[in-house]
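Undergrad: Mind having a look at this structure? Questions to follow.
The values are calculated or read from the model by the stated rules, or taken from the named source; none is laboratory data. Predicted model only: the values in this text are computed from it and were never measured. Cβ sites come from the backbone with ideal geometry, for glycine too, and all protein chains shown count toward neighbours.
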Amino acid sequence: MSDIMVKADQVSMRFNLGIEKNFSIKQGFVDLFNPKKRAEKKLNRQRNEFWALKDVSFEIETGEVVGFIGSNGAGKSTLLKIVAGVMKPTKGQVEIHGNVCPMIELGAGFDAQLSAKENVYLNGSILGYSKNFIDSKFDEIIDFSELHDFLDVPVQNFSSGMVARLAFSIATIVDPEILIVDEILSVGDIAFQKKSIEKMMSMINGGTTVLFVSHSIDQIKKMCQRVIWLDHGAVKEIGGKEVCDDYQRFVGA
């Protein structure tokens, strides 16, 4: 039996969509002794609660490529952020057995006023790479990104596609044990998308465990062995590629 790399156990995530108006410490202290006010505040909190995830459970084994599908707001990105350690669930827990490379918001760790070269080192350090490691991989990063002529240009002057190319090149310079990918293969030009997919496939063929979110059902079918369908924060179905067909029938595609 294969080893479990990712295990989610009854994971739930709650957000409060309300904003307390006219709040003051003095008023808060006064309301402590007013049962009616306390009851009103509790009711308002409950009304403003939004559960992005509700009791989500699954296991992913070593080397599996698992796709997450669902409509906008289904909880896919929230779930991957929890798996990546970016967010902590309100309830439940996630067990991770291996080093993780999250490609969720490419370029989120960039400083717009720094050059591409400076951001390679900045973003690399955020991902846990040492300076010596980045030095040894610098040419490889730039070659993949094809940004040789823009090394000294501030990232704030880059197009979104150029930012994505640089960020993807940095993030994939190592072969992680667990790769988390959220809709990043749809950025950049057609040629770079093709190269990104080829890089992803080489990592998959090398045994990397992949959690993959995409609105492209064709990509999910092509790349994933198992599929998890989320609907309004809950698991609706887990299975093989037939889950994609069930989802498409459900949404009328």
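Undergrad: List pairs: first residue in the stretch 136-165 and without any contact (Cβ under 8 Å) to a residue 60 or more places away in the chain, second residue outside any loop (DSSP other than H, G, I, E, B) and basic (Lys, Arg) anywhere in the structure, Cβ distance under 6 angstrom, at least six positions apart or on different chains.
TA: SER145/ARG165; LEU151/LYS117
Undergrad: In this structure, does PHE133 turn out to be closer than 24 Å to ALA191 by Cβ and not acidic (Asp, Glu)?
TA: Spelling it out, it is not the case that PHE133 is closer than 24 Å to ALA191 by Cβ and not acidic (Asp, Glu).
Undergrad: Mind checking which residues of the stretch 85-107 are in contact with a helix residue (DSSP H, G or I) (Cβ under 8 Å, 6 or more places away or on another chain) and over 26 Å from GLY207 (Cβ atoms)?
TA: Residues satisfying the conditions are MET87, LYS88, PRO89, GLY107.
Undergrad: With part of a loop (DSSP other than H, G, I, E, B) and not assigned by TED's automatic domain parsing to the domain that holds LYS194 as the only criterion, which of TYR129, TYR121 stands out?
TA: On the way: TYR121 fails: part of a loop (DSSP other than H, G, I, E, B).
Exactly one of TYR129, TYR121 is part of a loop (DSSP other than H, G, I, E, B) and not assigned by TED's automatic domain parsing to the domain that holds LYS194, namely TYR129.
Undergrad: Looking at (1) without any contact (Cβ under 8 Å) to a residue 40 or more places away in the chain; (2) surrounded by 21 or more Cβ atoms within 10 Å (Cβ to Cβ), can you tell me which one CYS224 breaks?
TA: (1)
Undergrad: Shifting gears a bit: Can you tell me which residue is farthest from GLY63 (Cα to Cα) among those in the stretch 89-114 that are in contact with a strand residue (DSSP E or B) (Cβ under 6 Å, 6 or more places away or on another chain) and either assigned to a loop (DSSP other than H, G, I, E, B) or free of Cβ contacts under 8 Å to residues at least 60 places away in the same chain (or both)?
TA: Restricting to residues being in contact with a strand residue (DSSP E or B) (Cβ under 6 Å, 6 or more places away or on another chain) and either assigned to a loop (DSSP other than H, G, I, E, B) or free of Cβ contacts under 8 Å to residues at least 60 places away in the same chain (or both), the top hit is GLN113.
Undergrad: Where residues in the stretch 216-253 are touching a strand residue (DSSP E or B) at 6+ places or on another chain (Cβ under 7 Å) and among the small types (Gly, Ala, Ser), which of them is nearest to ASP182 (Cα to Cα)?
TA: Applying the filter and picking the extreme gives GLY233.
Undergrad: Please determine whether any residue of the stretch 104-120 is touching a Cys at 6+ places or on another chain (Cβ under 8 Å) and buried (at least 19 other Cβ atoms within 10 Å of the Cβ).
TA: no
Undergrad: Kindly list the number of the only condition in (1) in contact (Cβ under 8 Å) with a residue 40 or more places away in the chain; (2) of a type outside the set (Asp, Glu); (3) in a loop (DSSP other than H, G, I, E, B) that fails for VAL86.
TA: Status for VAL86: all satisfied but (1).
Undergrad: Picking from GLN156, GLN93, which residue would you name as being in the same structural domain as LYS194 (by TED's automatic domain parsing) and not hydroxyl-bearing (Ser, Thr, Tyr)?
TA: Of GLN156, GLN93, the one residue that is in the same structural domain as LYS194 (by TED's automatic domain parsing) and not hydroxyl-bearing (Ser, Thr, Tyr) is GLN93.
Undergrad: Something else about it: Restricting to the stretch 108-154, name every residue that is more than 15 Å from ILE173 (Cα to Cα) and within 22 Å of the chain's Cα centre (by Cα).
TA: The answer is ALA108, GLY109, PHE110, ASP111, ALA112.
Yes/no per residue for (1) farther than 27 Å from GLU177 by Cβ; (2) among the hydrophobic types (A, V, I, L, M, F, W, C); (3) modelled with pLDDT of 95 or more:
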{"site": "VAL11", "(1), (2), (3)": "no, yes, yes"}
{"site": "LEU17", "(1), (2), (3)": "yes, yes, no"}
{"site": "GLU40", "(1), (2), (3)": "yes, no, no"}
{"site": "PHE58", "(1), (2), (3)": "no, yes, yes"}
{"site": "GLY73", "(1), (2), (3)": "yes, no, no"}
{"site": "VAL86", "(1), (2), (3)": "no, yes, no"}
{"site": "VAL100", "(1), (2), (3)": "no, yes, no"}
{"site": "ASP111", "(1), (2), (3)": "yes, no, no"}
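Undergrad: With the requirement that a residue be under 17 Å from the mean Cα position of the chain (by Cα) and either at pLDDT below 90 or assigned to a loop (DSSP other than H, G, I, E, B) (or both), what does the stretch 224-253 give you?
TA: If we filter the stretch 224-253 for residues that are under 17 Å from the mean Cα position of the chain (by Cα), which is where we start, we get 224, 227-230, 233.
Listed by number, the residues that qualify are CYS224, GLY233.
Undergrad: Considering the stretch 146-196 alone, what residues qualify as being of a type in the set (D, E, K, R), outside any helix (DSSP H, G or I) and within 25 Å of ILE69 (Cα to Cα)?
TA: ASP175, GLU177, ASP182, GLU183, ASP189
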